[in-house]
1. Given the residues A:Ala95, A:Ala74, A:Ala101, which is the only one that is farther than 19 Å from A:Gln19 by Cα and among the small types (Gly, Ala, Ser)?
2. Going by what's in this entry, would A:Val150 be described as part of a helix (DSSP H, G or I), of a type in the set (Val, Ile, Thr), within 14 Å of chain B (Cβ to nearest Cβ) and open to solvent by 10 Å² or more (accessible area, probe 1.4 Å)?
3. What number goes with the only condition from (1) within 10 Å of another protein chain (Cβ to nearest Cβ); (2) surrounded by 19 or more Cβ atoms within 10 Å (Cβ to Cβ); (3) more than 21 Å from the chain's Cα centre (by Cα) that A:Leu137 does not pass?
4. What about B:Lys148, is it open to solvent by 40 Å² or more (accessible area, probe 1.4 Å), closer than 24 Å to B:Lys128 by Cβ and touching an Asp or Glu at 6+ places or on another chain (Cβ under 6 Å)?
5. Take A:Leu153 and tell me if it is within 30 Å of B:Lys172 (Cα to Cα), aliphatic (A, V, I, L, M) and touching a helix residue (DSSP H, G or I) at 6+ places or on another chain (Cβ under 8 Å).
6. Go through the stretch A:86-108 and give me each residue that's under 20 Å from A:Val156 (Cα atoms) and either open to solvent by 40 Å² or more (accessible area, probe 1.4 Å) or in contact with a Lys or Arg (Cβ under 7 Å, 6 or more places away or on another chain) (or both).
7. Working carefully through the options A:Ala24, A:Ala13, find the one that is closer than 14 Å to A:Thr165 by Cα and at pLDDT 95 or above.
8. So which of A:Gly82, A:Gly72 ends up being of a type outside the set (D, E, K, R) and not in a helix (DSSP H, G or I)?
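The values are calculated or read from the model by the stated rules, or taken from the named source; none is laboratory data. A quick note: this is a predicted structure, and the numbers were derived from the prediction, not measured. Reconstructed Cβ throughout: ideal geometry from the backbone, glycine too, with neighbour counts over all protein chains shown. We work out accessible area using only protein heavy atoms, side chains counted, and drop any ligands, DNA or RNA first. Shrake-Rupley method; radii C 1.70, N 1.55, O 1.52, S 1.80 Å.
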Amino acid sequence: MFDFLQGYDVLGAFWTTVQLTLLAAAGSLVWGTLLAAMRVGPVPLMRGFATVYVNTVRNIPLTVIILFTSLGLANTLGVTLGAKGVIDTLNFRLAVLGLVAYTSAFVCEVIRSGINTVPVGQAEAARAIGLSFSQVLRLVVLPQAFRSSVGPLANVLIALTKNTTVAAAIGVAEAATLMRTMVEKEAQLIPIAAIFALGFVILTLPTGLILGWVGKKVAIKR
Amino acid sequence: MTEVSVAKEDVAATGELVVLKSVNKHFGALHVLQDIDLTIARGEVVVVIGPSGSGKSTLCRTINRLETADSGSITIDGEALPQEGKELARLRADVGMVFQSFNLFAHKTVLENVMLGQIKVRKADKKKAEEKARALLDRVGVATQADKYPAQLSGGQQQRVAIARALAMDPKVMLFDEPTSALDPEMINEVLEVMQQLARDGMTMIVVTHEMGFARSAANRVVFMADGRIVEEAAPDQFFSNPRSDRAKDFLSKILHH
């Protein structure tokens, strides 16, 4: 019944999806947190930059961003991201970059609303014992903000997992790319669609369940 | 700080620790602090009382610049309050603050709460910081709660931890912003006792409170505020038995004769 699968590396394609997801998740968590720190920070220039960044990037379709990394950054500006002419590697890295740029805007807003759940008195008490702005943020506010952001971050991570399919637009050999190939060459369209749908559910369902559990576990009692 | 344990009589000789000169502050159209002049000597315990909205909490918060004054000058131990930044952080470390709502760091244990400032601001090593934290927790009577999280403690215990957290920085002066106002009645005394002891040990204290008993027994001076102004300053005995201003008489008649 699954003869049509022969000759296709479905697991390998999903492995690429997982890699895209994990790398982009790590990158956007870091960059998104920095953006959030800028948005709540005292420096007007940084605040302005982060605000403009978030409001621009989250309103541009991901496809446009991913295509821009390839056509704009790589082809026009000659950015190679250290990929030394290997087109597969280059496109993979560009896709990660595009996903990070896009997803971090959403991460930023999740963290920022997490920061808003931390009572103002926490930061005041931290300032009152002589901690600097960055210490207040790193030692007191962000650790509490992250804990209340776990649930919403799971949403972002699930969206990111599915968004990695846009990397197909620049030829990264991930799940959606393989699906398109198979749809073109095989007749069993519904089983193919079902297999890839199932693959994504297998990736994202545990993400939601596990992070939901973690979120409850680390929630702060006040 | 050798001068800390001076007797109350020779306070004047040891110098001025906190000086406010014609401090003004607005919240929008509301003029919350109007030309405040106040000098607190080393080792002095000043209790600030007054009706709600009189600006006493704002005054307290202005002293370590959690609220910025619009005009006027504030100096602590001869140093003017700097702009927000490293210098201000350093100065704040010398000014202990206790809040109405305790504000213990919710994600850290009681012990970690008292250690954090020592390690990150005073650069003490971990072992020394822990020793000192445990000693301070013992002093305020919550040593057995060291490994719990703030939410697991009663309000009175939390507030005593907050006092220990402030003391861990070896502050020159302690600010108390209505420290017992959020407490259940039966917990007020355990906090006041810690504060009484602190006063007896010679700590310079500025206490915003509604606890008249504490003002009577522990204060060197009572500052009465109303409508953003300091209306009256006097020794507690004199203030409570024979207030000069009508505003103070009115206030005292409302709170003392129920």
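1. Among A:Ala95, A:Ala74, A:Ala101, only A:Ala74 is farther than 19 Å from A:Gln19 by Cα and among the small types (Gly, Ala, Ser).
2. Yes; evaluated as a whole, the condition is true for this residue.
3. (1)
4. No: the conditions fail for B:Lys148.
5. Spelling it out, it is not the case that A:Leu153 is within 30 Å of B:Lys172 (Cα to Cα), aliphatic (A, V, I, L, M) and touching a helix residue (DSSP H, G or I) at 6+ places or on another chain (Cβ under 8 Å).
6. Once the filter is applied, which keeps residues that are under 20 Å from A:Val156 (Cα atoms) and either open to solvent by 40 Å² or more (accessible area, probe 1.4 Å) or in contact with a Lys or Arg (Cβ under 7 Å, 6 or more places away or on another chain) (or both), the stretch A:86-108 yields A:Leu97, A:Ala105, A:Phe106, A:Cys108.
7. Just one listed residue meets the conditions, A:Ala24.
8. After applying the criteria, what remains is A:Gly82.
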